[in-house]
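Input: a single structure, listed below in structure tokens.
The values are calculated or read from the model by the stated rules, or taken from the named source; none is laboratory data. From a predicted model like this one, the values you see are computed outputs, not experimental measurements. In this analysis, Cβ positions are derived from the backbone assuming ideal geometry, glycine residues included, and neighbour counts consider all displayed protein chains. Just so you know, the surface numbers come from the protein's heavy atoms only, side chains and all, with ligands and any DNA or RNA stripped out. Shrake-Rupley method; radii C 1.70, N 1.55, O 1.52, S 1.80 Å.
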Amino acid sequence: MALFTPNAADFHVLKSTPKTIVITGGSSGIGLATAQLLSSLNPKHNLILIDLQRPPPSFKHDSSRFLVHTCNITKWADQRAGFEKAYVKFGRIDCVFVNAGIAEHGDQFFSDTLDSSGKLAEPDRRVLNIDMDAASDTTKLAIHYLRKNPEGGQIAMTASLAGYLASAGAPLYSAAKHGMYCSLLYCHHY
């Protein structure tokens, strides 16, 4: 399979027109790479990173056009506050990258973990909480704010091949990414 390598010259609109862009999970991985690309395309973009942590010091963007909202995106009020701060500071939101996500944490079905009382411990639900529930919340917030623009806006959702073809070692991750794919189809046809 060929590796997709974005060519900055192909991004004419993002290069020529400053946008206000929210990226969940924007402080590391795919989210940080997206923020770096957007910053290099047009340093006049307003970038909002919503994440558990700040980006590394190596990430540079004009501080008057940059907002970091640190929070746990699985908490509706915390994530909503990030969008509210972005809207207050910049007056609009044009694009939202629904990106925050994590990989499967161990075997959730065939390995038993006991709690302090010796009973079966509650399963680790972080993958579904972040990759599906929080991503759905981000999408809801994105639609709410993009509707405020007469011309609307764009939503980009980070999915995975696991959303199409289940991964045997990561059933919850596959389910969450399939859910993102279904959300994408629904939003596209809205």
- Message: I'd like the GluC sites (Glu not before Pro) in the range 81-165 restricted to DSSP loop residues with at most 15 other Cβ atoms within 10 Å, sorted by number.
- Response: Glu151
- Cβ charges +1 (Lys, Arg) and -1 (Asp, Glu), total dipole of the range 27-165, debye: 820
- Å² per residue, accessible surface of the range 61-136 at 1.4 Å: 58
- Query: By how many nm would the segment from Lys119 to Asp107 lengthen if fully extended, with 0.36 nm per residue of separation less the alpha-carbon distance?
  - Reply: 2.5 nm
- Note on the structure: Among Gly118, Gly101, Ile50, the residue whose Cα sits farthest towards the positive end of the charge dipole of the range 1-121, when +1 is placed on the Cβ of each Lys and Arg and -1 on the Cβ of each Asp and Glu, is Ile50
- Can you tell me the alpha carbon radius of gyration of the range 1-151 divided by the globular rule-of-thumb value 2.2 N^0.38 Å? 1.21
- Under 12 Å from a point 7 Å along the Cα-to-Cβ line of Ala156: which residues of the range 10-36 have their amide N that close? 10-15, 21-24, 30-36
- Item | Of the trypsin sites (Lys or Arg not before Pro) in the range 59-141, those whose Cβ has at most 15 other Cβ within 10 Å and which sit in DSSP loop | Lys60, Lys75, Arg92, Lys119, Arg125
- So the FRET efficiency between Lys85 and Lys44, C-beta based with R0 = 25 Å and rounded to 0.05, is 0.80
- For each pair in Lys89/Lys140; Lys140/Lys177; Lys44/Lys177; Lys119/Lys177, compute the distance between the two Cα atoms and list the pairs where it is over 28 Å. Lys44/Lys177; Lys119/Lys177
